[in-house]
Amino acid sequence: MTNKLSLLDSTQNTQWCWSVSDATVSYDEASIQAKISNLDKPCYFVEKNGVIGVSNEAHPGELAGNLNVQAYTAPISVAQLGDPAYRTAHGTHYAYYAGAMANGIASAELVIALGKAGILCSFGAGGCVPSHVETSLQKIQAALPNGPYAANLIHSPKEPALERGNVDLFLKYNVTTVEASAFLGLTEQVVRYRAAGLSQDASGNIVIGNRVIAKISRTEVAKRFMEPAPLKYLTPLIEKGLITAQQAEWAQQVPMADDITAEADSGGHTDNRPLVTLLPAIIALRDEVQAQYNYPQTLRVGAGGGIGTPQAALATFALGADFIVTGSINQPCPESGSSDPVRKALAVAQMADVAMAPAADMFEMGVKLQVLKRGTLFPMRAQKLYDLYREYDSIDDIPADERAKIEKQIFRSPLEDIWTGTVEFFEQRDPELIASAKGNPKRKMALIFRWYLGLSSRWANTGEPGREMDYQIWAGAALGAFNAWVKGSYLEPVENRRAVDVATHIMQGAVYLNRVQALKTQGVVLPSEFSIYTPQPLA
């Protein structure tokens, strides 16, 4: 009767006031791990003749012939991870949500699949034309009349009409939860969405009808969303008749957001912030703001970026996160708006297979996003275009040999033809951009270069044949970690990566590892394989 379990110092270990019948104890490692994995039941660790055993049953006090309990773990469930107030507010089973991936990668189908399982997901409205956003909202609301679901409001400093148009639709369809991302500060549109949903109940309490989850990576931006809306945004909204004076008054008494997502090193728009430094800083800031304003409901702070395994999820909760957010790991799921070639590429990516590249929506500002570099030349080609933009003031200033090279290798067409297509595209999307380029050759150059950056993500989403080397695929290191974790399990084949399975195993794995860690803190030495959570097919 031997195994590799032990207690660091059982002679000094404080015994629990329970005892265990030897008949209920397992001493072989397989049975012990099975008992530990049964999260619905407690685990009682005993020692007999120098060998550690485990039972799921115990009796109070010391009974003759029974073994004294040396270590103990209570039953545990996913509901114990994170802040229960988050689950109550959003009507979810987990303190978890799947973050938006723009251009409809976080598709209506993804939102619906997760929502039906009681898991929040944010529709990727960023970059989509209004008609697609509207159709998707109709589909989501038909399938999830009572939620949970959210929609993404991405900051569009160079295309304000898109931001305004999405808020129009969110208010029209009474979308009650919006995930605000990539914001560099507050804008009139996000303030409008928040204020327009405020009302008052019979007791005189302010009712927040439009919830905001602000995804940020800088404390100065986080503070703007933790504080009430400033008058400089509210006053114009009153003058335009978009909110009432009473709503403006209420808006100065509530924070701009209900939840703050500290976005660490992630796919897409990212500041590459390390989670272990970012999250504690945002939590500390939240506490300072709460002490100042004394809101009836304290803002919740969660985190995303780099969360692709149960270990990462547990570590994030241990840092104090009220909820966690996943992104890259949902893109290979069959419900996402990606194409099959992209899913297959993502399913074999490793942690180092990512790079930073210029972002289409904030190209002129030099903002970058994180993309897959394996199997595509997009990062290098996008950077080449940005370097040319920085160096020259117009298309005509680019040396003939450089221009010929990018026309042949990147655009595959003369730049004047690309400009014609650019005009047609933005006339439907945001005509103001074309007007801003008249008489501004550098602006015109930026829009031409954005043609490539914008279409490269669309080519990836549709699996455009012949453009594989130009696919812009947003991904972070979390994806490589996920692929390494599921290798050899049923989730390794990309066709099995249902979004609900992915979310469930991330959370269940975190709970299991939390139990293992609790045992370690009591001096229980477990075999290394006990610290591995291998996902099994869900019932």
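The values are calculated or read from the model by the stated rules, or taken from the named source; none is laboratory data. Nothing here was measured: the structure is a model prediction, and the numbers come from that model. Note: ideal-geometry Cβ built from the backbone for every residue, glycine included; neighbour counts use all protein chains shown. With ligands, DNA and RNA removed, areas are computed over all heavy atoms of the protein, side chains included. Shrake-Rupley method; radii C 1.70, N 1.55, O 1.52, S 1.80 Å.
When the range 1-31 is limited to residues that are open to solvent by 80 Å² or more (accessible area, probe 1.4 Å) and at pLDDT 60 or above, the one that is farthest from residue 529 (Cα to Cα) turns out to be 17. Cβ separations smaller than 8 Å between residues 6+ apart or across chains give the following pairs from the range 386-412 residues that are touching a residue at least 40 places away in the same chain (Cβ under 8 Å) and polar (S, T, N, Q) to residues that are assigned to a helix (DSSP H, G or I) and open to solvent by less than 30 Å² (accessible area, probe 1.4 Å): 394/445.
For the range 296-308, residues that are open to solvent by 10 Å² or more (accessible area, probe 1.4 Å) and under 13 Å from the mean Cα position of the chain (by Cα) total 2.
Which residue is most open to solvent (accessible area, probe 1.4 Å), if the candidates are limited to the range 378-428 and must be at pLDDT below 95 and within 33 Å of the chain's Cα centre (by Cα)? Applying the filter and picking the extreme gives 428. Picking from residues in the range 189-226 that are among the charged types (D, E, K, R) and over 19 Å from residue 171 (Cβ atoms), the one that is least open to solvent (accessible area, probe 1.4 Å) is 215. Candidates 457, 489, 531: the one that is open to solvent by less than 10 Å² (accessible area, probe 1.4 Å) and either over 23 Å from the mean Cα position of the chain (by Cα) or under 20 Å from residue 384 (Cα atoms) (or both) is 457.
The set of residues in the range 256-282 being free of Cβ contacts under 8 Å to residues at least 60 places away in the same chain and open to solvent by less than 10 Å² (accessible area, probe 1.4 Å) consists of 260, 262, 264, 279. Sub-6 Å Cβ pairs linking a first residue in the range 283-294 that is closer than 18 Å to residue 214 by Cα to a second residue that is outside any loop (DSSP other than H, G, I, E, B) and open to solvent by 50 Å² or more (accessible area, probe 1.4 Å), at least 6 apart or interchain, are 285/219, ordered by first then second residue. Number of residues in the range 429-451 that are among the charged types (D, E, K, R), open to solvent by less than 60 Å² (accessible area, probe 1.4 Å) and more than 21 Å from residue 406 (Cα to Cα): the value is 2.
Check whether at least one residue in the range 331-352 is open to solvent by 10 Å² or more (accessible area, probe 1.4 Å), among the aliphatic types (A, V, I, L, M) and under 22 Å from residue 303 (Cβ atoms), and report yes or no. Scanning the range 331-352 turns up at least one residue that is open to solvent by 10 Å² or more (accessible area, probe 1.4 Å), among the aliphatic types (A, V, I, L, M) and under 22 Å from residue 303 (Cβ atoms). The condition (being in contact with a helix residue (DSSP H, G or I) (Cβ under 9 Å, 6 or more places away or on another chain), farther than 30 Å from residue 356 by Cβ and either among the small types (Gly, Ala, Ser) or modelled with pLDDT under 95 (or both)) is satisfied by just one residue among 222, 196: 196.
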